[in-house]
Amino acid sequence: MDASLDPAPPRALTAWSGLNCSVLFCDVAGFGDPSRDDEDRRVVRETTYRILLTALEASGVDLAHTYREDRGDGALVIVSPAVPTSALVDPLAGHLAVALRRHNHRASEAVRIQLRAALHVGPITPDVEGLNGQAIIQAARLLEAPALKTALAERGADLGFIVSPFVYDAFVAHLQGPVDRASFERVTVEVKETATEGWMYLAGTGLPVRRAAAPRSPDPGRSQGSTVFSADVEVHGDLVLGNKIINER
């Protein structure tokens with residue numbers, strides 16, 4: 001990875017400890033779907049990171065003011081208190097939607113990306129293993145909201161972006177840019193021990209999502225054979241496709 005894309009070193013978190021940071025959680029829907037192989041997932045990961053980092057920079061977020069942790073199918077991004085949280089709503093959501101639409105327009109189904117992203121704000125605290133803080137937990141719960149997952153799957157959107165009530169009241173409600181605040185839908189979030197609300201924004205093509213279908217179990221009551229005619233056939237008498245049952249009296 002280009003050195004210019006390196007996140008802030010861990011020591012930066014000490015300076016941010018206890019301060020209100022923007023917490024951005026994202027992941028790829030259906031990342032582990034069996035229709036994808038390891039090469040597909042490599043392409044999806046690389047593309048997702050490129051889209052995310054490019055969108056952050058295009059939104060005026062200096063990547064040196066971020067701390068990132070890879071989460072396999074996504075990433076946790078902590079943004080310095082010096083960066084306005086409003087930039088992580090608009091224009092970030094718009095940049096993500098445009099980049100995802102461009103990628104998906106040319107991508108095969110196996111490497112199509114549907115991105116879920118959740119945004120919250122709150123204090124974070126570094127520890128010996130990484131990060132700690134209720135704000136991180138809250139963002140993770142928003143990301144797992146059943147309403148977000150269902151809407152993304154049913155509508156086939158490229159981006160599902162959800163924000164906490166605080167982010168909505170403080171920033172989304174006052175949007176004046178390309179991202180329309182009226183496009184955010186209020187949803188209930190009940191995940192594990194968390195019961196709250198979120199505001200969901202969907203953007204993208206609206207194409208149906210096709211995933212690998214589970215093999216259908218054979219019907220034991222039906223014949224598994226088949227009849228194929230390769231030339232003209234003349235039938236005298238009965239032609240039975242299946243089992244012929246004769247009741248003799």
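No lab work stands behind these numbers, since they all come straight from the coordinates. Please read all numbers here as calculations on a predicted model, not as lab measurements. Ideal geometry is used to build each Cβ from the backbone, glycine not excepted, and the neighbour counts take in all protein chains shown.
Take each peptide in 162-168, 194-200, 52-58, 20-26, count the other Cβ atoms within 10 Å of every residue, and average; sorted highest first, the result is 20-26, 162-168, 52-58, 194-200. On the basis of the beta-carbon distance and an R0 of 22 Å, GLU69 and GLN134 show a calculated FRET efficiency of 0.80.
For the range 61-129, what does the alpha-carbon gyration tensor say about shape, rounded, prolate or oblate, given a ≥ b ≥ c as the root eigenvalues, a/c under 1.5 as rounded, and a/b over b/c as prolate? In terms of gyration-tensor shape, oblate. For the peptides 105-112, 85-92, residues were scored by their other Cβ atoms within 10 Å and the scores averaged per peptide; the highest-first order is 85-92, 105-112. The fraction of all Cα pairs in the range 1-127 landing in successive 5 Å bins from 0 to the largest distance is 2, 11, 21, 22, 19, 13, 8, 4, 1, given as whole percents.
Here each label is just a point 7 Å from Cα along the line to Cβ, and for SER17 and THR194 those points are 2.4 nm apart.
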